[in-house]
Each structure stands twice: as structure tokens, then as C-alpha cells.
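J.: Here's a structure for you.
The values are calculated or read from the model by the stated rules, or taken from the named source; none is laboratory data. Remember, predicted model here, so these are calculated numbers, not experimental data. Cβ placement follows ideal geometry from the backbone for every residue including glycine, while neighbour counts extend to all protein chains displayed.
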Amino acid sequence: MPQDTSTLPQWISAISQLLLLLFFIAIFAGANQRLQIYLWSRDIKSKLGILEGMVGEARRKTLQRMVSQGARDPEKLLDRVMEFFVIMPVDIEPVDIIRRLEHLINVRERRLKSEFERALPDANPVERSKIETAAEITSALNFIYKLVRHLLIQGEKGRNWILIMQLQLIMPQLMKIADAYRRALNDFLKGVPIGDSAGPMVALRLAGPTAEWRRIEEETVYTEVEFEGRRLFLIKAEGPGSSVGKPGKATETLVERLVKEGRKPKLIVTVDAALKLEGEETGAVAEGVGAAIGDIGPEKIRFERIAAKYGIPLRAVIVKMGLEEAILAMSEKLVKGVEKAVEMVKDVIRRETKPGDTVVVVGIGNTVGVGQ
């Protein structure tokens with residue numbers, strides 16, 4: 001007997017309306033947000049696993065280098081370095097904040113250096129400085145990993161979809177930074193010049209191969225050369241180990257010494273790497289006014305104070321590069337940028353001084369792979 005199909009369209013319509021009603025109820029109940037949070041969380045967790053792998057790789061390579069240099073209890077030392085922190089000074093009362101900040105930075109640096117000297121008594125200073133930097137990079141990677149994990153757990157606990165959404169949106173940038181640190185670890189351990197070595201390389205090129213360098217401050221050296229009738233005093237961090245030295249303090253010491261000798265500088269030029277804007281060419285150079293130094297305050301203010309004290313023009317020359325390029329092995333474009341910066345510094349000196357004048361040029365940056 002044939003079945004009656006006249007009510008089939010009515011059933012389909014009723015089921016469709018019921019499903020539509022359930023869909024709207026689910027939306028009002030927040031099911032779409034929970035689904036979106038689940039998808040975002042999955043994506044973040046996958047990247048968190050990659051970050052954890054980066055931390056493990058950096059830790060393993062650093063420990064291997066420490067063991068190869070005869071380190072005492074390397075795992076315990078690396079754990080301390082990775083968790084070491086500095087509490088910034090009180091800034092609600094700005095009086096002497098620079099002095100207090102500089103004191104804390106110096107205490108931190110001395111503490112870490114003494115730890116590595118005790119753990120690596122047989123390693124040479126250059127090798128020890130590379131290991132110190134490798135430990136710092138491992139610490140930076142570990143901080144990124146812990147921060148992402150913290151924000152993810154916090155967002156899931158509170159079902160805070162806005163926090164998770166924001167974290168998911170910035171994950172590509174965080175992963176890019178972390179990958180740059182991961183690759184930079186190998187370059188530092190190899191001891192090759194990096195993008196941030198542009199400033200010291202400019203100073204080295206201006207000095208020439210026969211210059212005699214002398215220490216003036218902690219891990220900072222200077223030399224005196226002649227350039228078209230002018231006396232050039234060149235300052236850079238002591239290489240070829242991984243160090244940025246004390247360029248501000250060294251400049252302050254040198255200028256005070258020259259003033260007492262009756263040879264007050266007519267110009268101070270700082271040369272440093274600088275982050276480029278997207279769309280700008282890597283290795284492009286530019287000149288300006290002020291202290292070109294990526295410092296949080298203590299070193300930079302020394303340039304400004306000594307220049308203002310004696311009325312010395314303070315000029316800056318920068319070599320532009322991306323964040324990754326600044327901490328990775330120097331590329332061909334940056335090598336050409338260094339040559340352009342050398343010529344620009346010479347041009348600034350020619351334009352703003354005359355034969356017989358004294359000029360101070362400071363090559364600022366990490367001097368890894370750049371000797372004297």
C-alpha cells in the first residue's frame with residue numbers, strides 16, 4: 001500500500017525551524033564563544049609546544065658549551081640565571097633615579113659575571129662572555145614561554161575570550177621574536193659579528209689595522225688616530241667577546257681628561273644600529289642629533305650630560321635593520337651599511353670641524369666577533 005508523502009514537506013519545515021531555534025538558543029547561551037575559545041586555545045597550545053621546544057634546545061646547547069669548558073654544576077648555574085630578575089627603582093620620586101638604576105644594573109652584571117667566573121675558572125674571557133650571552137638568550141626564550149603559558153591559563157580559567165583572542169592575535173609576532181632568539185644563539189656561540197655590531201665595526205674601520213687600543217673603562221677600549229688633520233678618539237666595547245661595554249661612562253671619562261689637557265672635543269659622534277620601519281631598506285644610514293644608543297638610561301644620559309656640560313655638539317649616525325637582523329649574523333646588506341656609515345661619519349666630521357680639532361667617535365653595540 002503506497003505511503004502518504006503529503007506531510008513530508010511539513011516535517012522538513014518543522015525540523016528546520018526547530019534547528020534554527022536551537023541554533024539561536026545556543027548563540028544566546030554563548031556556545032559560539034566557547035567554540036571560538038576552544039579553537040583559539042588549541043592554536044596557542046600548539047605554538048606553546050613549539051616555544052617549549054625552543055627553550056629546551058637553547059638550554060641543551062648552552063649546557064653543552066658550558067660542559068665543554070669544564071663548568072662546575074652547569075645546570076644549577078643556568079637555572080639561577082634563567083630565573084634571575086631586577087626590580088626597577090621607585091620612579092614616583094625621580095630624584096637620583098638614574099644613579100639608583102645604574103647601581104642596580106651594575107650589581108646585576110657583577111653578580112652574573114662572578115657566577116660564571118666561579119663556574120668556568122679555566123675558560124678564557126671571550127668564551128665565557130659567549131656563554132653568558134647564550135644563558136641570557138635562553139632566559140629570554142624561557143620568559144616568552146612562561147608569559148604565553150600564564151596568559152593562556154589565566155584566560156581559560158576565567159573564560160576570558162577577549163584575553164585569549166588578544167593572545168592568539170599577537171602569537172605570530174611572539175613566535176617571530178622567539179625564533180630570532182633561537183637562531184641568534186648559534187651565532188653568538190660561533191662568535192661571528194651580528195647586526196648590532198655595526199657601531200663597533202664603524203669605529204674599527206675608522207681606526208685602521210695599526211691602531212693601538214687601550215682600556216678606559218670596564219670592557220671598553222679607545223684609541224687615538226689622525227684624520228685629515230683632526231685628532232680622532234675612537235671608543236668601542238672590548239672584543240671579540242660578547243659585550244656592549246660602558247660607552248657613556250668611557251666617553252665621560254675621556255672628555256673630562258681631554259678638557260683638563262686643554263683639548264676639549266669640538267664634536268661627539270655616536271654610531272649605533274637602529275630598528276628600521278617596515279618598508280625601509282636594511283643597511284640604510286641616517287644622521288641626526290643626540291645619543292644613538294639603545295640604553296634604558298644610565299649610559300645614554302652620560303652622553304647628554306657631558307655634551308651639555310661643555311657645550312659639545314652631539315651627533316648621531318645610525319644603521320637601520322630589523323629586530324631579527326640586529327641579533328643575527330651580519331648580512332651583506334649590513335656590511336655595506338657599515339661602509340656607508342663610515343663615510344657618513346667622515347662627512348659629518350669634515351662639515352662640523354676643521355683641521356686641528358679634537359673629535360670623539362663612539363661605536364655603540366655588541367662587539368661580538370669584532371676585535372681590536
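J.: Name the one entry in I25, I87, I15 that is modelled with pLDDT under 95, in the same structural domain as L141 (by TED's automatic domain parsing) and exposed (fewer than 11 other Cβ atoms within 10 Å of the Cβ).
T.: I87
J.: Looking at region 104-138 only, could you name the residues that are touching a residue at least 24 places away in the same chain (Cβ under 8 Å) and among the hydroxyl-bearing types (S, T, Y)?
T.: Once the filter is applied, which keeps residues that are touching a residue at least 24 places away in the same chain (Cβ under 8 Å) and among the hydroxyl-bearing types (S, T, Y), region 104-138 yields S129, T133, T138.
J.: Quick one: which residue in L141, L101, L77 is outside the structural domain of V244 (by TED's automatic domain parsing), in a helix (DSSP H, G or I) and without any contact (Cβ under 8 Å) to a residue 60 or more places away in the chain?
T.: L77
J.: Surrounded by fewer than 21 Cβ atoms within 10 Å (Cβ to Cβ), of a type in the set (G, A, S) and not assigned by TED's automatic domain parsing to the domain that holds E219: is that true of G311 in this structure? Before you say what the answer is, go through the steps one by one.
T.: Values: surrounded by fewer than 21 Cβ atoms within 10 Å (Cβ to Cβ): yes; of a type in the set (G, A, S): yes; not assigned by TED's automatic domain parsing to the domain that holds E219: no.
So G311 fails the test.
J.: If you go through region 323-355, how many residues are of a type outside the set (K, R) and assigned to a loop (DSSP other than H, G, I, E, B)?
T.: Matching residues across region 323-355 total 5.
J.: Which residue, of L232, L267, is surrounded by fewer than 23 Cβ atoms within 10 Å (Cβ to Cβ) and either free of Cβ contacts under 8 Å to residues at least 24 places away in the same chain or under 19 Å from R315 (Cβ atoms) (or both)?
T.: Exactly one of L232, L267 is surrounded by fewer than 23 Cβ atoms within 10 Å (Cβ to Cβ) and either free of Cβ contacts under 8 Å to residues at least 24 places away in the same chain or under 19 Å from R315 (Cβ atoms) (or both), namely L267.
J.: Pairs, please: C-beta under 6 Å, at least 6 apart or cross-chain, first residue touching a residue at least 24 places away in the same chain (Cβ under 8 Å) and in region 334-359, second of a type outside the set (A, V, I, L, M) and assigned to a helix (DSSP H, G or I)?
T.: Going by the 6 Å Cβ cut-off, the qualifying pairs are L334/G195; V342/R205.
J.: Let me ask you something else. Picking from Q154, Q173, which residue would you name as being surrounded by fewer than 15 Cβ atoms within 10 Å (Cβ to Cβ) and either on the phi > 0 side of the Ramachandran plot or more than 16 Å from the chain's Cα centre (by Cα) (or both)?
T.: The conditions single out Q154.
J.: Related question: Is region 161-178 home to any residue that is part of a helix (DSSP H, G or I), closer than 20 Å to P74 by Cα and among the basic types (K, R)?
T.: Within region 161-178 (the criterion being part of a helix (DSSP H, G or I), closer than 20 Å to P74 by Cα and among the basic types (K, R)), the answer is no, since none of the residues qualifies.
J.: Just to verify a result, which residue in region 110-140, among those that are of a type in the set (D, E, K, R) and within 15 Å of G241 (Cα to Cα), is nearest to the chain's Cα centre (by Cα)?
T.: E136
J.: Still on this structure: Residues G245, G294, G279: which one is outside any helix (DSSP H, G or I) and crowded, with 22+ Cβ neighbours inside 10 Å?
T.: Values: G294 fails: crowded, with 22+ Cβ neighbours inside 10 Å; G279 fails: crowded, with 22+ Cβ neighbours inside 10 Å.
Checking each option against the conditions leaves just G245.
J.: Can you name every residue in region 258-273 that is part of a strand (DSSP E or B) and in contact with a Lys or Arg (Cβ under 9 Å, 6 or more places away or on another chain)?
T.: The answer is L267, I268, V269, T270, A273.
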